[in-house]
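Below is one structure, written out as structure tokens; the observations come after it.
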Amino acid sequence: MTNDKLTWLHKNLFSTWYNSLLTVVCFVLLFWVVRGILTWATAKAQWAVIQVNLPLFLVGRFPRSLYWRTWIVLAIASTLGAITAGVFFGKQQLIKPTIAVFAFITGVLLFLPLDFTSRLWLLLIAVLLFAGFWIGGKFTNVLTPWLSLLWLLSFSVILWLIGGGFGLQSVSTNLWNGLLLTLVMAAISIVLSFPIGVLLALGRTSNLPVVRWFSILYIEIVRGVPLIGILFLAQVMLPLFLSADVRLDRVLRAIAGLVLFSAAYMAENVRGGLQSVPRGQIEAAKALGLNTVLVVLLIVLPQALRTVIPAIVGQFIGLFKDTSLLSLVGLVELTGIARSILAQPQFLGRYAEVYLFIGFIYWIFCYSMSLASRHLEKQLNQ
């Protein structure tokens, strides 16, 4: 052990007698907790509940004969995500994330009980990820103007592949379960709530009294109601405002509830960013001859959104986790499918294994969004 490490240990852990005692006690407790967890995980836990029900966790009751469509969806999303990361962060900054993705896919291939076809799909997706990173970093200037259009087109293709129609066998939304439904609901809600939240934030700062007071009333009313109340209202009350001939799907009603709720919080996050933009920049832009719309789009919003990136991503993470409440209104997303699995006679009482597994899935996606947020902040602050 080098002198620097010994100095650090003495300064931070053993500087006084009571710090030394506290350090020893913490290490003993940590050793006791870790040993207990490892003993339970290796000797007592019944991980067969995950192995047997893995397809249910991931895609629910989606027809097994149509799994190829979900693999194509994953390939499209992974490739575009890798290209986007390559465009924004460059090849050099993606070395560590690429290694992490490779290690994760290797672990999945080694430890998860997948059939041969699934392993081939995962290998293909790994190749597409690396190719996407390289293409995004190599052709940044060419791809940047087209990224939004590519995502928009891919979003339509993904919904077509999942739901069917237009030449493909239709799949009822009642069969959209598990992680598949969680990701679909979260993605659509995030995409729709962001522009609505920006418009509400601009409306709240508007000089037009009608627009301003409507935005204020909407934001304050929605923020004062719990999400579960909004979801129940969307399921029960929304059909009452439509004609008898129009019957909205349960998934669409749940999306409406999530979007309406998230947009109010998004508006407040964006409003905080709008207030951070110096007034002098707005006046200078108007002095140069820019109209109000161009001032907002070119001067105000870019600076405001960059300022509140952590808050916006935090809102996205919260929205992703809030999809777990959908099980209370009859939609069998990841948490709902876990309850169904725990009701199986052979796996009664296996709460720890099931909820640890779905908690790990939630953590992967939430941490990935947090990591992307930090990289984006560093990139924009350079």
Explain nothing, just the number: relative contact order of segment 151-245, from Cα pairs under 8 Å at least 6 residues apart, as a whole percent.
10
Percent relative contact order of the chain, based on C-alpha pairs within less than 8 angstrom and at least six residues apart?
20
Overall Cα dimensions of the chain - principal axes, largest extent first, Å:
68, 64, 46
Given the whole protein assembly as supplied and a 1.4 Å probe, what does the accessible area of residue 156 come to in Å², nearest 10?
70
Expressed in nm², what is the orientationally averaged projection area of the convex hull enclosing the Cα positions of segment 121-257?
13.0
Residue 281 to residue 151: FRET efficiency via 1/(1 + (r/R0)^6), r the Cβ-Cβ distance, R0 30 Å, to the nearest 0.05?
0.50
To the nearest 10 square angstrom, what accessible area does residue 335 show with a 1.4 Å probe?
20
Largest first, how would 286, 44 line up by accessible area (1.4 Å probe)?
44, 286
If each Cα of segment 252-293 is one equal point scatterer, what is log10 of I(q)/I(0) from the Debye formula at q = 0.18 Å⁻¹?
-0.66
Rounded, prolate or oblate, given the Cα gyration tensor of segment 112-158, with a/c below 1.5 counting as rounded?
oblate
Between the alpha-carbon centers of segment 242-284 and segment 1-57, tell me the distance in whole angstrom.
43
Calculate I(q)/I(0) for segment 243-382 by the Debye formula, one identical point scatterer on each C-alpha and no solvent, and give its log10 at q = 0.13, 0.20 Å⁻¹ to two decimals.
-0.79, -1.18
Need the full-extension length gain, residue 297 to residue 170, defined as separation in residues times 0.36 nm minus the C-alpha distance. One decimal, nm.
41.7 nm
What percentages, rounded to whole numbers, describe P(r) for segment 311-382 computed over all alpha carbon pairs with 10 Å bin width beginning at zero?
18, 38, 26, 13, 5, 1
Solvent-accessible area, 1.4 Å probe, carbon plus sulfur percent, for segment 146-192:
78
Give me the percent relative contact order of segment 250-366, please, defined on Cα pairs under 8 angstrom at least 6 residues apart.
24
Got a number for carbon plus sulfur as a percent of segment 252-382's accessible area, 1.4 Å probe?
64
Counting only helical runs of four or more DSSP H residues, what would the 222 nm mean residue ellipticity of the chain come to if each run contributes -39,500 (n - 2.57) and the total is spread over all its residues?
-24500 deg cm²/dmol
Per residue, how many Å² of accessible area does the chain show with a 1.4 Å probe?
58
Which value, in debye to the nearest 20, describes the size of the charge dipole of the chain about its Cα centre when Lys and Arg Cβ atoms bear +1, Asp and Glu Cβ atoms bear -1, and nothing else is charged?
380
Can you give the local net charge around residue 171? Use residues other than it whose beta-carbon is closer than 13 angstrom to its beta-carbon, Lys and Arg +1, Asp and Glu -1.
+2
With no solvent and one point per C-alpha, what does the Debye sum give as log10 I(q)/I(0) for segment 161-206 at q = 0.26, 0.27, 0.33 Å⁻¹?
-0.91, -0.94, -1.06
Assuming a strict under-18 Å limit between Cα atoms, what lysine pair count do you get for the chain once near-sequence pairs (fewer than 8 apart, same chain) are dropped?
4
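The values are calculated or read from the model by the stated rules, or taken from the named source; none is laboratory data. Note that the structure is predicted; figures quoted are calculated from it, not measured. Cβ atoms come from the backbone with ideal geometry, glycine included; neighbour counts cover every protein chain shown. Accessible surface areas use protein heavy atoms only, side chains included; no ligands, DNA or RNA. Shrake-Rupley method; radii C 1.70, N 1.55, O 1.52, S 1.80 Å.
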